[in-house]
Amino acid sequence: MNVEKTLVLLKPCTVQRALIGEIIQIFEKKGLRVAGLKMMQLDDAILAEHYAHLVDRPFFPGLKASMMATPVVALALEGVEAIEVVRQMAGPTNGRKALPGTIRGDYSMSGQQNIVHASDGPESAAAELRRFFRPEEIFDWENPLDRSLYSDDGC
Ligand code: TYD
């Protein structure tokens, strides 16, 4: 049973549009367990690390400014194959291209103001969870409803 944790950021556009609760509810309704949750103000250093693959792109300064416009909400979500599930739920980067039914498809018209960040693989999920949460801020609580979410073998 491939239980994974993944990192989601609710971006400043989501905070400004008062969608924090609505977006968290989408993940909760899906059956993902909230293992960590906090609000934090991002700065240059953490964004240079988080978006290291994009620092040379022309849109990086604008991206950085948009990610520092207000605090973000960081979530650690857990579930079987949670990394892929959450990426699918987020949809493609550009909200205009994302299909209805995905979070970006339903809530975003932009390739930058696109509601959520979601880790894109096991290595990035591990690194990003360490980047945004101290170990004691992630909780491995047991959910008695797991039996109604999964079969005994996690299917
Ligand atoms: P990326 O890691 O390519 O996408 P994703 O968030 O889907 O994993 O890009 C990170 C963020 O950079 C993206 O969410 C929004 C921003 N971005 C822009 O502002 N302009 C762009 O042209 C691209 C590709 C990304």
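The values are calculated or read from the model by the stated rules, or taken from the named source; none is laboratory data. In this text the structure is predicted, and so the values were computed from the model without any measurement. Reconstructed Cβ throughout: ideal geometry from the backbone, glycine too, with neighbour counts over all protein chains shown. Keep in mind that these areas ignore ligands, DNA and RNA; they rest on the heavy atoms of the full protein, side chains included. Shrake-Rupley method; radii C 1.70, N 1.55, O 1.52, S 1.80 Å.
Return yes when K29 is in a strand (DSSP E or B), open to solvent by 20 Å² or more (accessible area, probe 1.4 Å) and away from the ligand (no atom under 11 Å from the Cβ) and no when it is not. I'd like the intermediate steps shown before the answer.
Details: in a strand (DSSP E or B): no; open to solvent by 20 Å² or more (accessible area, probe 1.4 Å): yes; away from the ligand (no atom under 11 Å from the Cβ): yes.
Considered against the rule, which asks whether it is in a strand (DSSP E or B), open to solvent by 20 Å² or more (accessible area, probe 1.4 Å) and away from the ligand (no atom under 11 Å from the Cβ), K29 comes out as no.
Examine segment 6-13 for a residue that is within 16 Å of the ligand (Cβ to nearest atom), in contact with an Asp or Glu (Cβ under 7 Å, 6 or more places away or on another chain) and in contact (Cβ under 8 Å) with a residue 40 or more places away in the chain, and state whether such a residue exists. Show your work before the answer.
Filtering segment 6-13 for residues within 16 Å of the ligand (Cβ to nearest atom) gives 6-13.
Cutting the leftovers down to in contact with an Asp or Glu (Cβ under 7 Å, 6 or more places away or on another chain) gives us 7.
Among the residues that remain, those that are also in contact (Cβ under 8 Å) with a residue 40 or more places away in the chain are: 7.
Yes, segment 6-13 has at least one match.
Filter segment 40-63 for residues that are open to solvent by 40 Å² or more (accessible area, probe 1.4 Å) and assigned to a helix (DSSP H, G or I); which is nearest to the ligand (Cβ to nearest atom)? By that ranking, first place goes to H53.
Could you pull out every one of the helices (runs of 4 or more DSSP H) wholly within segment 64-147 that has 2 or more residues that are closer than 21 Å to D43 by Cβ and either within 13 Å of the ligand (Cβ to nearest atom) or basic (K, R) (or both)? Working first, answer last.
Working: elements: 82-90, 103-107, 122-132.
Ranges flagged: 122-132.
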